[in-house]
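To keep things clear, I will list the structure first and then write my remarks on it.
Read-outs: derived from the displayed coordinates by stated rules, not from any lab. The structure presented is a predicted model; accordingly, all values stated were derived computationally and were not measured. Cβ placement follows ideal geometry from the backbone for every residue including glycine, while neighbour counts extend to all protein chains displayed.
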Amino acid sequence: MRPEPAASLLATPRRQRLLEHIWQRTSLSRRQFATLYLTPLERYADLVQQFPASESHHHAYPGGMLDHGLEIVAYALKLRQSHLLPAGTTPEAQAAQAEAWTAGTAYAALLHDIGKVAVDLHVEYADGTVWHPWHGPLRRPYRFRYRKEREYRLHSAATGLLYARLLDPGIFDWLAGYPDLWAALLYVLAGQYEHAGTLGELVVQADQASVAQELGGDPSKALAAPKHALQRKLLDGLRFLLREEFKLNQPQASDGWLTQDALWLVSKTVSDKLRAHLLQQGIDGIPASNTAVFNVLQDHGIALPTSDGKAIWKASVTSDAGWSHSFTFLKLSPALIWEAADRPAPFAGQVQVEQEPEDAAQQVPAAPGAARAGPEPALSGAPPVAPVMMAAAADNGVGALLDLLDMAPATPASNLIPPEAATGAQAGAEGDPRGSMPAAMPTAPPAATPRPQAEPSGKDFMGWLTQGVRSRKLIINDAKALVHTVAGTAYLVSPGVFQRYAQEHPQVAAIARQEKLEAWQWVQKRFEKLGAHRKQPSGLNIWTCDVTGPRKSRRLHGYLLARPEALFGEVPPDNPYLRLANEAPTRENPAVQNDNDNDEQE
């Protein structure tokens, strides 16, 4: 890519409108605004150029970081108007410090993610020379990629490397004259929002509003997100499950209930089945923890938060026949799942949120003419239970920004995907991530992997493994692969490969519990009973491999298959980075345990 001057980057109509909005939220002349706001914003644009704000989450398109920076400043200044700062001081002191707190809010918002440029991205010039942001703005054609295995929270720690490049010493001198503001600003820039008081809250709320607007504030954007984005994969998976597997509005055994205004899905059911479906489609990076899945769904604007910002709702369901039970739910907007013409009939009973504020208990009918056991409270639309950015709109007038931030289409996110990251249909042309809602629900193909019957067996596992390897859903000989070629045969990493199977087949967990085992342990035992693996001369099942890379080494534990051709057809060459360890695993090795049947578990 070729670097552009800040004036060119900021010249688009949408960005000009954002700059105008930011100026209107200050009490400054154009000349003062240029010094305190426009100059830092131009330096920010100079530095971030066409970088995205994330790899596949929000604002994941060229120029996304600049858009997100302008949006969060605009949101933060709008929210700031509802606060008298610093809190607890006299009106005279608040008036005297007003402009400093307004500027501090803008700087905190603009700089909160700037460390990503230093630690998340690898940037180099055309000749291969590496560029770092402390070198100053890019001046020659450049390329960039996201670093693998980057540490998410490191960018907050890296902010201190760069904020002095955007703000002049005179601005620091000015802000340092207000101790409360100065302390709060430094805490935000260090990522310690819990110590930053109202300033930290403003930045968090503005960030959430910008992210939610980009990801899920408009259902058409979520549905039109590029197929490679995790957000789109999650949404397509939910739509498939609701079409093919989930049972809704059943009097008792139901996966969820659809009311007039919300879709309520039983939290554990949706997490287990969504993870299994996505893994069966060959989609990696899905968290193994249900709590992490809930957080991902909420972060991507799919699961709506409770009044205190949590993903999990507690509610009781009462059917028109009088049956009632309490569940933990994820709450979704029906517009994300169905178009109006395809939406199922709403539940004829009632869903009552437990422990919600009284003002959320507004009464509305569940369905025109439906038989009912009693009135049903409104479960969406009221400010206490709406999405973050809509709650802010209700209380702080941020709704006006939603129209402002939805004026022009952004660069398609697909342009960001490097060729080596695109696979299958993802390598083709993608639609505009901010395009219109598709006319019909996309049809997700059913999973091709064999599903175990009521009582899975080792053969089911081997069938799944063979299909996964041959379809390249399970990669081999990669840094994070679960299958390698070692000693002329297949090496199955334990417990990872068994955990992956159990995640894709959540029904195994119920069977395993009857034997007081973890799901992966149950699968491992069934595999061992199949006798498809090669044992050590000592009779142990587990083999240890040394993994040696260019910078570090480690050890793996796993199984060697007796007949690799059953898995591969033609056996690939051995992974040059793995070799069997000289010494056999010992009984004292905590990674290997034996039970009374001489079965080993890592």
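Tabulated data
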item: Euclidean distance of C-alpha centroids, segment 335-354 and segment 96-131, integer Å; result: 43
item: Label-point separation, ALA98 to ARG243 (7 Å along Cα→Cβ), nm; result: 5.5
item: Residue-span extension gain [ARG472 to TYR125] - 0.36 nm each, minus C-alpha spacing; result: 121.5 nm
item: Space enclosed by the convex hull of the alpha-carbon atoms of segment 1-144, per residue, Å³; result: 121
item: Highest to lowest packing among 160-167, 286-293, 124-131, scored as the average C-beta count within 10 Å; result: 160-167, 286-293, 124-131
item: Proxy reagent accessibility, fewest Cβ within 10 Å first, across MET462, MET65; result: MET462, MET65
item: Cβ-placed point charges (K, R +1; D, E -1), dipole of segment 1-119 about Cα centre in debye, nearest 20; result: 220
item: Order of GLU194, GLU339 - criterion: other Cβ atoms within 10 Å of each residue's Cβ, fewest first; result: GLU194, GLU339
item: Whole-angstrom gap from segment 1-32 to segment 42-63, using each part's C-alpha centre; result: 16
item: Distance violations [Cα-Cα > 30 Å] among LYS148/LYS247; LYS314/LYS480; LYS473/LYS525; LYS273/LYS525; result: LYS148/LYS247; LYS314/LYS480
item: Extension gain, SER457 back to ALA321 (0.36 nm per residue minus Cα-Cα distance, nm); result: 44.9 nm
item: Between segment 514-550 and segment 468-502, the Cα center-to-center distance that results, in Å; result: 13
item: Ranked packing of 10-19, 256-265, most packed first, by mean Cβ within 10 Å; result: 256-265, 10-19
item: Computed over segment 451-561: relative contact order in percent, which uses C-alpha pairs under 8 Å that are six or more apart; result: 25
